[in-house]
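K.L.:
Okay, here's the structure, questions in a sec.
The values are calculated or read from the model by the stated rules, or taken from the named source; none is laboratory data. Since the model is a prediction, treat every value here as computed from it, not as a measurement. Cβ sites come from the backbone with ideal geometry, for glycine too, and all protein chains shown count toward neighbours.
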Amino acid sequence: MIAKKHEIGNDSVLAVCDKELLGKEFEDGKLFFRVSEKFFGGNAITKKELIETMIEFGSINLFGNKCVEIAIEQGLINENNVILISGIKHAQIYNI
């Protein structure tokens, strides 16, 4: 998995994708998703590091079956709140 931290004012966003998806584009009907290197292209991260890191962020953008499953396992999102784009799981988490 690849993760990149973005600082936006006083807020921070964590962008995470499965490594093999970085730089690819997916289209499914009216849905289009680009796993851009600018947004997602960060550092390799292990499952343990991702679990430890996710609790620090109020906003997380996840694209990939592996990283989304980890968020589900950790109780951060519900499977019902996940969308599929060309068979790939995508979810966003916002803690208010």
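K.L.:
How many residues does the stretch 77-96 contain that are within 10 Å of the chain's Cα centre (by Cα) and under 18 Å from L31 (Cβ atoms)?
P.N.:
Within the stretch 77-96, residues that are within 10 Å of the chain's Cα centre (by Cα) and under 18 Å from L31 (Cβ atoms) number 4.
K.L.:
On to the next question. Can you pull out every residue in the stretch 14-36 that is of a type outside the set (F, W, Y) and modelled with pLDDT under 95?
P.N.:
E27, D28, G29, K30, L31 - these are the residues of the stretch 14-36 that are of a type outside the set (F, W, Y) and modelled with pLDDT under 95.
K.L.:
Looking at (1) surrounded by fewer than 12 Cβ atoms within 10 Å (Cβ to Cβ); (2) more than 21 Å from H6 (Cβ to Cβ), which is the only condition E69 fails?
P.N.:
Looking at each condition in turn, E69 falls short on (1).
K.L.:
Here is a further query. For the stretch 54-76, what are the residues that are β-branched (V, I, T) and under 21 Å from L31 (Cα atoms)?
P.N.:
Residues satisfying the conditions are I60, V68.
K.L.:
Within the stretch 9-56, restricting attention to residues that are β-branched (V, I, T), out of contact with any Cys (no Cβ under 8 Å at 6 or more places or on another chain) and within 19 Å of I72 (Cβ to Cβ), which residue is surrounded by the most Cβ atoms within 10 Å (Cβ to Cβ)?
P.N.:
Looking at the filtered set, the residue picked out is I45.
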